[in-house]
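What follows draws every value from the coordinates through simple rules; no lab data is involved. In this text, all values refer to a predicted model and were calculated from it rather than measured experimentally. Glycine gets a Cβ as well: all are built from the backbone with ideal geometry, and neighbour counts include every protein chain shown.
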Amino acid sequence: MNTEVVIQTRNLTKIYRDFWGRKKVRALNSLTLDVRKGEVFGLLGPNGSGKTTSIKLMLGLLFPSEGEVSILGNPAGDVNTNERIGYLPEESYLYRFLNAEETLDFYGRLFNMPANVRRDRAKQLIERVGLQAARKRQLREYSKGMTRRIGLAQALINDPDLILLDEPTSGLDPIGSRDMKDLIVKLKEEGKTVLMCSHLLADVQDVCDRIAILDGGELKVFGRVDELLKEQDVTQIRASRLSEQAIKDVEAVLTKHGAKFEIDHPTTSLEDLFIKTVRESAARPGQRYVPPGTTPQPSKSN
């Protein structure tokens, strides 16, 4: 993994105060971590753990009470640095009377992009997030999932080096969620750095290289996903095309060595099953599940 640091926090602390200046909430307490170039980094934690506060501090939308944060080698909030950042907030605040093309053109203007560049970039991003059929519809007609998609497109309009995503799969159906995760992986392959917050732990596990878990404003767990999830006292053996006799022989060897074991078929995830079912349905329309012992009826066309 690339060792170049893109996000660096040192003893980062944020204390919210009341009207009289008295300490009200310590939202973040001495957060120290590094996010490296080209990785997908997951920032996890329950509500109120300090995730959104951390992102706002990284963007320069809030000022730290103590400590420091640097982004792409510069202090957070640096104007030139912000031009290299893409941000998808948990709630996208977009102009509802604009359509997708107009929305991306508007944000492209904020970065002083030439008209032809804005036009080409908007076309590419609309296709990339799967909104070609709705590109002329006003955003007020969009579902929440469609709004997340156009929100991601606007976060990428400036071709950023660093992308901050707050709950990127919120409101998306399983197909949209898979598309979003595939896009995040693609961004990593292009050399982008992605930091994402999510309550959906399966999404984080699927795409993140390293994670940090916050609770009560403090960093509790930090490291690579594969290492953190590995059960050190369990050995897993996977094999295919074993005969019944081979299985018995394996059981005998494990028993001889005093191992506790369970032999069963591996399972897939519900998400994978859902995606497979929908894609097979599209490939073979009219095919359906028929309960055992019933006579299938011919399909009726609409």
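Below, the figures for the structure above:
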{"read-out": "Residues Thr32 and Glu190, FRET efficiency given R0 of 25 Å [Cβ-Cβ distance, rounded to 0.05]", "value": "0.30"}
{"read-out": "Listed residues Arg135, Arg148, Arg109, most fluctuating in the chain (Gaussian network, C-alpha, under 10 Å)", "value": "Arg109"}
{"read-out": "Net charge of Cβ neighbours under 15 Å - reference Lys23; Lys, Arg +1; Asp, Glu -1", "value": "+3"}
{"read-out": "Average silhouette area of the stretch 129-219, convex hull of alpha-carbon atoms, in square nanometres", "value": "6.9 nm²"}
{"read-out": "Relative contact order for the stretch 115-166, counting Cα pairs under 8 Å that sit 6 or more residues apart, in percent", "value": "39 percent"}
{"read-out": "Potential lengthening between Tyr95 and Asp173 on full extension [0.36 nm per residue; Cα-Cα distance subtracted]", "value": "25.7 nm"}
{"read-out": "Pairs from Lys14/Lys56; Lys24/Lys56; Lys123/Lys186; Lys181/Lys220; Lys220/Lys260 whose Cα-Cα separation, in the structure shown, is over 21 Å", "value": "Lys181/Lys220; Lys220/Lys260"}
{"read-out": "Backbone HN-Hα couplings from phi across the stretch 28-45 [Karplus 6.51/-1.76/1.60, Hz, Gly and Pro as x]", "value": "9, 10, 6, 7, 10, 7, 10, 10, 8, 5, x, 10, 9, 10, x, 10, 10, x"}
{"read-out": "Between helix 174-189 and the chain: long-axis angle, C-alpha atoms, 0 to 90°, nearest 10", "value": "70 degrees"}
{"read-out": "Antiparallel bridge percentage (DSSP; both residues within the stretch 5-229; nearest 5)", "value": "60 percent"}
{"read-out": "Which label in [x] 40, 32, 18; [y] 32, 21, 17; [z] 31, 24, 22 gives the computed semi-axes √(5λ) of the Cα gyration tensor in Å", "value": "[x]"}
{"read-out": "Packing-based order for 26-34, 244-252, using average beta carbon neighbours within 10 Å, highest first", "value": "26-34, 244-252"}
{"read-out": "Rounded to 10°, Cα long-axis angle of helix 270-283 versus longest principal axis of the chain", "value": "80 degrees"}
{"read-out": "Whole-Hz ³J(HN,Hα) from phi, Karplus 6.51 cos²θ - 1.76 cosθ + 1.60, for the stretch 238-243, glycine and proline x", "value": "10, 9, 10, 6, 7, 6"}
{"read-out": "Candidates Ser143, Ser170, Ser54, ranked by Gaussian network fluctuation over the chain, Cα under 10 Å, top entry", "value": "Ser143"}
{"read-out": "Length released on extending from Lys23 to Arg284, taking residue separation times 0.36 nm less the Cα-Cα span", "value": "87.8 nm"}
{"read-out": "Approximate spin-label separation Ala246-Leu228, in nm, with each point projected 7 Å along Cα-to-Cβ", "value": "3.7 nm"}
{"read-out": "Principal-axis tilt of helix 115-128 within the chain, Cα atoms, nearest 10 degrees", "value": "30 degrees"}
